[in-house]
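I have placed the structure first, in the form of structure tokens, so that the comments after it can refer back to it.
The values are calculated or read from the model by the stated rules, or taken from the named source; none is laboratory data. Everything quoted here is computed from the prediction, not taken from an experiment. Backbone-built Cβ (ideal geometry, glycine too); neighbour counts: all protein chains shown.
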Amino acid sequence: MQTQAISETNYAIVAAATAANGCNCVPYEEVKTFKRWQKAGRQVQKGQTSYIRTTSFPEVKVTDPKTGKERVKSCPRCCVLFCKCQTKEIANDAAD
């Protein structure tokens with residue numbers, strides 16, 4: 001399930017970066033942040049460097065301290081992304 005809107009601009013940036021590095025990973029499916037790979041059961045391999053950086057604008061609720069009114073604003077955030085080919089599955093440590 002997709003939890004965030006897909007940006008056509010970021011999609012193009014990621015697709016171009018992966019192609020330039022000889023990778024055919026699909027943006028928004030096989031290109032994720034470090035923490036999202038961990039949640040997906042994968043770990044970025046030691047020594048891997050991200051060659052994909054994009055900007056997202058997540059919405060944040062802010063309360064005005066003077067009026068107490070709540071409003072929503074967008075704040076730019078740099079995203080460092082890794083391809084699936086830069087990760088490996090996290091070994092299951094369950095002992096038999």
* To do: Check the range 5-20 and report whether any residue there is assigned to a loop (DSSP other than H, G, I, E, B), touching a strand residue (DSSP E or B) at 6+ places or on another chain (Cβ under 9 Å) and loosely packed, with under 14 Cβ neighbours inside 10 Å.
  => no
* Structure fact -> residue 35 vs (1) part of a helix (DSSP H, G or I); (2) more than 30 Å from residue 92 (Cβ to Cβ): all pass except (2)
* To do: Take the range 69-85 and flag every residue that is within 30 Å of residue 20 (Cα to Cα) and not in a strand (DSSP E or B).
  => 75, 76, 84, 85
* To do: State all residues of the range 19-47 that are at pLDDT 90 or above and under 16 Å from residue 79 (Cα atoms); if no residue qualifies, say none.
  => 30, 31, 32, 33, 34, 35, 36, 37, 38, 44
* In the set 61, 66, which member is assigned to a strand (DSSP E or B) and either exposed (fewer than 14 other Cβ atoms within 10 Å of the Cβ) or modelled with pLDDT under 90 (or both)? -> 61
* Structure fact -> Within the range 35-73, the count of residues that are within 24 Å of residue 8 (Cβ to Cβ) and touching a strand residue (DSSP E or B) at 6+ places or on another chain (Cβ under 8 Å) comes to 14
* Within the bounds of the range 34-47, is there any residue that is loosely packed, with under 10 Cβ neighbours inside 10 Å and on the phi > 0 side of the Ramachandran plot? -> yes
* Evaluate the range 87-95: report whether one residue or more is of a type outside the set (Asp, Glu), out of contact with any strand residue (DSSP E or B) (no Cβ under 9 Å at 6 or more places or on another chain) and modelled with pLDDT of 90 or more. => no
